[in-house]
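The values are calculated or read from the model by the stated rules, or taken from the named source; none is laboratory data. Note that the structure is predicted; figures quoted are calculated from it, not measured. As a convention, Cβ positions derive from the backbone with ideal geometry for all residues, glycine included, and neighbour counts pool all protein chains shown.
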Amino acid sequence: MPATAVYNIAMNPADAYEYTRQALQAAGAALGAQTAPTQIDFSLTRKDAETGSMDVVMPGHAIFTAAGDGASQLTLSIEPATQFAAYAFAIGLVALVLGGWFFGGMNGLWFLIVVAAEAYLLWHIFNKWPSAALDAIRQKMSASPAVSGGAPLVQPAATIFAPPGSSPPPSAADIADQIRRLAELRDQGHITQDEFDAKKAELLKRI
């Protein structure tokens, strides 16, 4: 699940779009595809001791909607660096093999150490690093008194049991992802702007 935050911005979508664009760049984001004034795709790269001095790239999306009275709402989401997770699994596998050679009779203990290290690293990839990236962006976004919100949304706990035929309500991150996909369909000519606007309004009512 992506790390997600929602901002209320006392600016029209065009101004909110430009303000956010500058805030993302100030936070070190590399901008990608942009559809003014509704969406900005970007990426943030982390490289430090925690990443083993490797470039860890986290994709992100900023989706803007009009909130009435000249205001806007921004849904900001950052995806985990899943490509680094694959690298982490590979390193863990190599560590298990090499540890088996070096430690011989301590294979059981070495296995537990590697599993614990993998779990710790995956927690960083899927939780700590995206949340830290949201915090870095929030510092830049909060420079204007017209901007409020931005705290990371708490993802709902997984449902252990649900009655047949029931399903949990979609999260803000799920809805933001659906809107992003709709925008891609619109940009590719598969749906019209009116169809996009109608479906987007329907999705936003579920938040």
### Message
Just to be sure before I move on: is PRO80 crowded, with 18+ Cβ neighbours inside 10 Å, within 15 Å of the chain's Cα centre (by Cα) and not in a strand (DSSP E or B) in the structure I sent?
### Response
yes
### Query
Which strands (runs of 3 or more DSSP E) does the stretch 10-73 wholly contain that include 3 or more residues that are surrounded by 21 or more Cβ atoms within 10 Å (Cβ to Cβ)?
39-46, 56-68
### Task
Determine whether the stretch 99-108 contains at least one residue that is modelled with pLDDT of 70 or more and surrounded by 11 or more Cβ atoms within 10 Å (Cβ to Cβ).
no
### Pairs, first farther than 28 Å from ILE63 by Cα in the stretch 77-91, second aliphatic (A, V, I, L, M), C-beta under 7 Å, six or more apart
ALA88/LEU121; ALA88/LEU122; ALA88/ILE125
